[in-house]
Structures are given as structure tokens and as C-alpha cells.
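In what follows, a structure is listed as C-alpha cells, so that the remarks can point back to it.
The values are calculated or read from the model by the stated rules, or taken from the named source; none is laboratory data. All figures in this text were calculated on a predicted structure; none of them were measured in a lab. Note that each Cβ is placed from the backbone with ideal geometry, even for glycine, and that neighbours are counted across all protein chains shown. Quick note on the areas: whole protein, heavy atoms, side chains included, nothing else; ligands and nucleic acids left out. Shrake-Rupley method; radii C 1.70, N 1.55, O 1.52, S 1.80 Å.
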Amino acid sequence: MIEVLAKLGRGPVFLAGEVLECVITFTNPLSASSTSASSEMLAWASAQIHCQFHASENRVALPPSDGSKHDVQAENETVFVPNRGERGQCILSTPPKILFCDLRLDPGESKSYSYCETLPVDGPPSFRGQSVKYVYKLTIGCQRVNSPIKLLRVPFRVLVLHGLKDYQFPQDEAVAPSNPFLEEDEGLKKDSRLADLATELLMVATSRRSLHLYNISNTRGKVGTFCIFKTVYKIGEDVIGTFNFSEGDIPCLQFSVSLQTEESIQEEFQRRRGQPVSFTTHARHQESCLHTAQSSFSLPIPLSSTPGFTTNIVSLKWRLHFEFVTSGESAGTCLVRGSQSEAVTWTGVEQMEVDTFSWDLPIKVLPTNPILASYVSQFSSTNSITI
């Protein structure tokens, strides 16, 4: 029996273009209850990263794929096929790397191997939607002599920040920031600079603030104004906005604000022409606001959510969805005087005519620092199997 343990050193979330590093340890455990321990032998072990794509048959019409080559390989249990048994299609994969050949482990002995691979920048981000799914996995395959291959899969999350792949790093390394007291590997140095560059680009893009004012009105007149200071955010940030109803002609009884994603399939891949777009609500604020002059809301963008992106099959966009309930009467008739004495009691009317209308405000949501997103990731940094 051999235990195989794979551990992602920095966490299970990465930016496309970064280097994924995984330490894989093979151990021949020494059991106290075992009377006769023997050496164990593995023929080989290999590792590869792949992205698995799965689409809902009710929503997406995909062209037939030529999977004959993969089917022939899948029938042979001695061939390393990382996505064997997986649903959907493998749309992206890195070249497989051999970790070792002919490994012999004595009882209680263990050996570790480091696997490093640059994540492709032209792939989609990790996404689990209502119509499609993009899932990234690192698969380690190992085989005993004359035995089937065993697969250890390590799922991880990929965030895509557009513009990174077009950035040219300075050729003069003396200009680039570095630590003179550390000997850094060239690949790791570039990887660290890539993460720093992404953090800087995100900070610049999401720190720009300018006043955006919108008039809220229906067919009968003005209800109020809405103010927001920016429309570009990172996942993990809060979307903050304020309302001013004091200048409105139509009294607003209630409003709600929903933070939503809009998942739409490209027209050529739609199962039915003109099929509806899928919406997902991530946060919602609702408030009764009759006779309220000003109000505000704060909606958090979950760190586990997917930033906006577009592929040849699906598009994901973010928006604020507003719903307003207004009175069909003037503000003064919303209260009833209950007594003619000096002590006056005002009560709400039992019935009143109302109007409802909605409004959508598009916003842009970008990735964040992958280390920060790792804290709330559903994936574990460590996975293991026994063969």
C-alpha cells in the first residue's frame, strides 16, 4: 500500500498566467499492526492540468465533437488520460510531465516531487453556472506494475484578468524591484511580479471614483435620485449607493436592490432561439421608505463568485436590479387623521393604489488577489489517495 498526498503550496486559487506549484509525496506507511513489512514499487507517475467543460443539454446546443481518439485511449487502462470518467469535454490541457519512473519505497520511506506548470492565459475562468461549467483540475496518475492506473485529482480555481498576457516585462532586470538578500528562481520571480502587477492593475481600475447621479422616475413624474460613486469593483468589495427621495413628486413606498449576474448563451449555441437569460441573485436589500428623505444600501460581492467574462459560448455580466413601489396618490393622502381633539393620531390607510417599476444598472466586476480568494474557497489545498 502506498499513500499519495498532493498539496498546493499557496492555496487553491490562482490567476491565469501564474505558476501552479504542487508537492506530491509518495509514502510506504509503516503499520504498527503489520507483522511483515515489504517494499513497494511504482512503475511511473505523471501529472497534468486540464479544464473540463460541461454544458446543460436543455440550454446549450454544442456541435458534435470528434472524441474517437479519447475513446480509444480510455479503453486502455495503462494509458494516462487525466479526464477519464469526467463529465463533459476537456477543452484545455497542459503537456503531461513525468514525475518519476521505477520508484521503490521501503517500509516507512517517503519521497516528494515538485510539479510546476504555468496556467494558460487563454483559457476561461472557473465557473459553475446554470448553463455551463468550467472546472480546472490537476490530475496525478500513478501505476503499479501490471495494474490499472490510479488517478488523484486536485481541483483548483482560476481567475482571469484581461490584459495581463499583453503586458511586456522590462528587459532590464535592474529596473525591476527585487530583494538583493534572496536568490530567486527566474520563473518564480516572474510569477511573483505577475501577481504584483495584477494587484496593481486591479487597484488602479477599482479605485477611480466619480459621482454618478441617476433620476428615478415613472410615467407620472419624478420619484427621487440615485447616487453611486463607482461602477467597477473587485470580488469581495461592497457595492454602496444612496437614494434621495426629498425632491421627488411621487412618494416611494418601498424599494429593493439586488446584486445579480446575467448568464447568457451566445446566439449560435442556444438550444432555442430567443431563450431567456439566466439570472442569479448574490445579495439583496429591501426597505420601506414612505416619508423617508434619504436612504442607502451596501451589498457585498461574494469572494466565491465569478467575475464577469465572455467566451465563444457564454457571457457573464453583473448588474444592480432595482424595484420600486410607488403610491398612486399624493403623499398627504397616505395618512389618515384619527381624532379631531388636540392630541392627533395619524394612521396609515388600509388600502391604496400602487405602481411598480424596475430598473437595471450594469456594473463591472473584476477578480481580486488570489490569496484573498483562497480563504473562502470550497476546494482543499491537500488531497490524497491510497493505491
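For this structure, a couple of remarks:
- Any hit, the stretch 227-247, residues being assigned by the TED database to the domain that holds PRO300, among the charged types (D, E, K, R), modelled with pLDDT under 90 and open to solvent by 40 Å² or more (accessible area, probe 1.4 Å): yes
Conditions (1) surrounded by fewer than 16 Cβ atoms within 10 Å (Cβ to Cβ); (2) within 30 Å of ILE265 (Cβ to Cβ), marked per residue:
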site: PRO12; (1), (2): no, yes
site: ALA16; (1), (2): no, yes
site: VAL19; (1), (2): no, no
site: LEU30; (1), (2): yes, no
site: GLN48; (1), (2): no, yes
site: GLN52; (1), (2): no, yes
site: ASN58; (1), (2): yes, yes
site: ALA61; (1), (2): yes, yes
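- Pairs with Cβ under 8 Å, 6+ apart, first in the stretch 153-173 and closer than 15 Å to PRO307 by Cα, second at pLDDT 60 or above and among the hydroxyl-bearing types (Ser, Thr, Tyr): ARG157/SER126; ARG157/TYR136; ARG157/SER377; VAL158/SER126; VAL158/TYR136; LEU159/SER126; LEU159/THR368
- Residue within the stretch 172-185 that is at pLDDT 55 or above and either outside any strand (DSSP E or B) or crowded, with 17+ Cβ neighbours inside 10 Å (or both) present: no
- Residue satisfying all of: in the stretch 281-295; open to solvent by less than 70 Å² (accessible area, probe 1.4 Å) and of a type outside the set (Ser, Thr, Tyr); nearest to the chain's Cα centre (by Cα) among these: HIS282
This table checks each residue for (1) open to solvent by 90 Å² or more (accessible area, probe 1.4 Å); (2) over 26 Å from the mean Cα position of the chain (by Cα); (3) under 23 Å from VAL132 (Cβ atoms); (4) not charged (D, E, K, R).
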position: GLY274; (1), (2), (3), (4): no, yes, yes, yes
position: SER278; (1), (2), (3), (4): no, no, yes, yes
position: SER298; (1), (2), (3), (4): no, no, no, yes
position: ILE301; (1), (2), (3), (4): no, no, yes, yes
position: GLY308; (1), (2), (3), (4): no, no, yes, yes
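- Residue ID - modelled with the lowest pLDDT, chosen from residues in the stretch 131-149 that are farther than 21 Å from PHE379 by Cβ and not hydrophobic (A, V, I, L, M, F, W, C): ASN146
- Some residue of the stretch 214-226 being out of contact with any helix residue (DSSP H, G or I) (no Cβ under 9 Å at 6 or more places or on another chain), surrounded by 18 or more Cβ atoms within 10 Å (Cβ to Cβ) and part of a loop (DSSP other than H, G, I, E, B): no
- LEU152 vs. criteria modelled with pLDDT of 50 or more, assigned by the TED database to the domain that holds LEU15 and in contact with a strand residue (DSSP E or B) (Cβ under 6 Å, 6 or more places away or on another chain): yes
- Any chance LEU259 is aliphatic (A, V, I, L, M), assigned by the TED database to the domain that holds VAL314, under 29 Å from ILE371 (Cβ atoms) and assigned to a strand (DSSP E or B): yes
- Taking each residue of the stretch 216-241 that is in contact (Cβ under 8 Å) with a residue 24 or more places away in the chain and looking for partners that are assigned to a strand (DSSP E or B) and of a type in the set (D, E, K, R) with beta-carbon atoms closer than 6 Å, six or more apart or interchain, yields VAL232/LYS364.
- Leading residue by the ranking (modelled with the highest pLDDT) among those in the stretch 78-121 that are farther than 27 Å from GLY9 by Cβ, within 25 Å of the chain's Cα centre (by Cα) and assigned to a loop (DSSP other than H, G, I, E, B): GLY88
- Residues in the stretch 122-133 that are open to solvent by 10 Å² or more (accessible area, probe 1.4 Å) and assigned to a strand (DSSP E or B): PHE127, ARG128, LYS133.
- When we screen THR333, THR386, THR356, THR347 for residues that are at pLDDT below 70, among the hydroxyl-bearing types (Ser, Thr, Tyr) and either more than 44 Å from the chain's Cα centre (by Cα) or open to solvent by 60 Å² or more (accessible area, probe 1.4 Å) (or both), the only hit is THR333.
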